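The values are calculated or read from the model by the stated rules, or taken from the named source; none is laboratory data. The structure presented is a predicted model; accordingly, all values stated were derived computationally and were not measured. So basically every Cβ, Gly included, is an ideal-geometry build from the backbone, and we count neighbours across all protein chains shown.
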Amino acid sequence: MKVTWTREDDIRHGYFHSVSAQYLKAGLDADGNTTSFLHRSCFPSIMSTFDPSATGPGGFELDLGLLDNPYDIANMQIETADAKAHLRIGWLRSVCNVFHAFAQAGFVDELAHAAGQDPRDHLLKLLGKPRKVDPSEDGAKYTNYGHPLENHPIDTGRIAAVVEKVSDMAGWGRKLPDGHGLGVAVHRSFLSIVGSVAEVSVDKNGKLVVHEIWTAIDAGTVINPDRVTSQMEGAAIFGMSIALHGEITAKDGAVVQGNFDTYPVVRMSEAPEAIHVHIMESTASPGGVGEPGVPPVAPAIVNAYFAATGKRVRELPLRNAGLT
């Protein structure tokens, strides 16, 4: 006898990625320099699946895009808050990096606008001079995905190089058609660094269109470049699906969504005209490629939307704002 779950069974009775609320606040001086930075992260922990008493983020979950903040800011504070799980928590591709990158990269773009600076130039300015970041210097217990920092450092020079490459790929600063905008985001996860630029527009009906996505990855030493390229292409579509559509809701104690009619993913009609991938040459130790491509995609899209429209989006999915 063969027992098979339907997709409705899977969506309604499986495991669910954590819902998350992020709060960010910063101080700028008269020259537009960021002098202080607060990032507060709140989400139910996956540990609640195994321990009902777990009501807040686990330490290792904070390592995924929160404690490893690479920006050169003199006064930085990281906080968390309790959050009770109401569903069984599981892991989505790139785990907590998804919401930490969305919040952080989107906020950095907002700081650029507040400072009156170009978003790419401001991002490079925040990264500062090339240096190695060690979160444990401030007393944090940082696991670095299970690898020593000396073998897989948080290297701001490599992060900046990815930003420069991906923005050059996209022709950053070029004249765009009316109603178009470019957005950039970068994030380190699973020991690799990925930067993304998205070009978007909004049509007369208010629908957001993603025209192209550029991605650059520094994964250290690469053995199979075709596999890395395919992972980044898939991550672009996966990240778009999260940004545009991805939402699970509950009503009367039951999950509402059941199939692709109520839980859509990006289809061919929504896919970008092109996804461009560049693999940085490196002799560093190999990093991951299955998950790191996802985190910068959503913030690149919302940053591009702001560049195109002057309107800021701080909550996903975009379909709830009427953009899809």
Subset of the stretch 210-242 that is closer than 14 Å to Ala271 by Cα and of a type outside the set (A, V, I, L, M) - its residue that is farthest from the chain's Cα centre (by Cα)
His211
Quick check on my filter: what residues within the stretch 30-68 are crowded, with 19+ Cβ neighbours inside 10 Å, closer than 17 Å to Gln104 by Cα and not hydrophobic (A, V, I, L, M, F, W, C)?
Thr34, His39, Ser41, Glu61, Asp63, Gly65, Asp68
Would you please list the contacts, defined by Cβ atoms under 9 Å and residues six or more apart or on different chains, that run from a residue in the stretch 68-95 that is closer than 21 Å to Ala185 by Cβ to a residue that is assigned to a loop (DSSP other than H, G, I, E, B) and among the acidic types (Asp, Glu)?
Arg93/Glu291; Ser94/Glu291; Val95/Glu291
Just to verify a result, which residue in the stretch 295-324, among those that are among the hydroxyl-bearing types (Ser, Thr, Tyr) and touching a Gly at 6+ places or on another chain (Cβ under 8 Å), is surrounded by the fewest Cβ atoms within 10 Å (Cβ to Cβ)?
Thr309
Pick out the one residue from Val95, Val108 that is at pLDDT 95 or above, farther than 23 Å from Leu28 by Cα and either outside any helix (DSSP H, G or I) or hydrophobic (A, V, I, L, M, F, W, C) (or both).
Val95
Near pairs, Cβ below 7 angstrom, 6+ apart or cross-chain, from the stretch 164-178 (over 15 Å from Ala307 (Cα atoms)) to any residue that is in a loop (DSSP other than H, G, I, E, B)
Lys165/Met280
In this structure, does Glu110 turn out to be farther than 27 Å from Val255 by Cβ and surrounded by 15 or more Cβ atoms within 10 Å (Cβ to Cβ)?
yes
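So which strands (runs of 3 or more DSSP E) stay within the stretch 144-254 end to end and still have 2 or more residues that are among the acidic types (Asp, Glu) and under 23 Å from Ala274 (Cα atoms)?
By residue number, 208-218.
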